[in-house]
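> Shown below is the structure under consideration.
Values in this text are rule-based calculations from the coordinates and carry no lab data. No experiment lies behind these values; they were computed from the predicted model shown. Cβ coordinates were reconstructed from backbone atoms using ideal geometry, including for glycine residues, and neighbour counts include every protein chain displayed.
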Amino acid sequence: MVFNLYLVRSGFSTDFVGLFLMVDMLFHGLVAFPAGLIADRTGRRRAVFFAICLNLAARGSLLFTTGPVTLLALAALAGTGEAFHGSAGRPFIMENCRPQERPLLFSMNTICNLMSGSLGSALPLV
């Protein structure tokens, strides 16, 4: 959310911000099924590690570029990383815990995601 404001503040139109978000979500959706198949073949631990590395590299690189084509390419890479994480992350948790631990682990995963998103959005306001 804050990055969208950063893009507008950097001189990009709201149409470009919408295009940026669309490219991110489009690649997230298009790559999700193939990412699940790749995760099944290579292992979910490797797929989650790849997803985290790809997403960190793409999101981190967004802060150092202002070219519209580069921003859209990095949005596509970030969406790809999110697709791998989304399709392999939860099955990875399922494989590595006992059934009685699952409610706690899934709840903690959701809480950590919500808290990190909230803190990340509120941090620039401080």
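> For the chain, find the longest principal axis of its Cα atoms and tell me its angle to the long axis of helix 44-62, 0 to 90°, nearest 10.
10
> Under a Cβ-Cβ cut-off of 11 Å, what is the net charge of the residues other than Leu74 that fall near it, where Lys and Arg count +1 and Asp and Glu count -1?
Local net charge: 0.
> Of the listed peptides 48-55, 26-33, 108-115, what is their order by residue-averaged count of other C-beta atoms within 10 Å, with the highest listed first?
Details: 48-55: 17.5, 26-33: 16.0, 108-115: 10.5.
Listed from highest to lowest mean packing, they are 48-55, 26-33, 108-115.
> Grab the DSSP H runs of the chain that are 4 residues or longer, score each as -39,500 (n - 2.57), total them, divide by all residues and round the 222 nm result to the nearest 500 deg cm²/dmol. Intermediate values should be presented prior to the final figure.
Working: 5 runs with 105 residues, N = 126.
Dividing the helical sum by the residues of the chain leaves -29000 deg cm²/dmol.
> Using only Cα atoms, find the angle between the long axis of helix 68-95 and the longest principal axis of the chain, and express it within 0 to 90 degrees, rounded to the nearest 10.
Value to nearest ten degrees: 20.
> Next question. Round to a whole angstrom and tell me the spacing of the C-alpha centers of the range 61-90 and the range 30-53.
Here the answer is 15 Å between Cα centres.
> I would also like to ask the following. Using +1 on the beta carbon of Lys and Arg, -1 on that of Asp and Glu, and nothing else charged, what's the dipole of the chain about the Cα centre, debye to 20?
Roughly 320 debye for the chain.
> Which value results when the Cα radius of gyration for the chain is divided by 2.2 N^0.38 Å?
Values: Rg = 16.2 Å, N = 126, 2.2 N^0.38 = 13.8 Å.
The reported ratio for this selection is 1.17.
> Just to confirm the filter: which trypsin sites (Lys or Arg not before Pro) across the range 21-126 are DSSP coil and have at most 12 other Cβ within 10 angstrom of their Cβ?
Sparse-neighbourhood loop trypsin sites (Lys or Arg not before Pro): none present.
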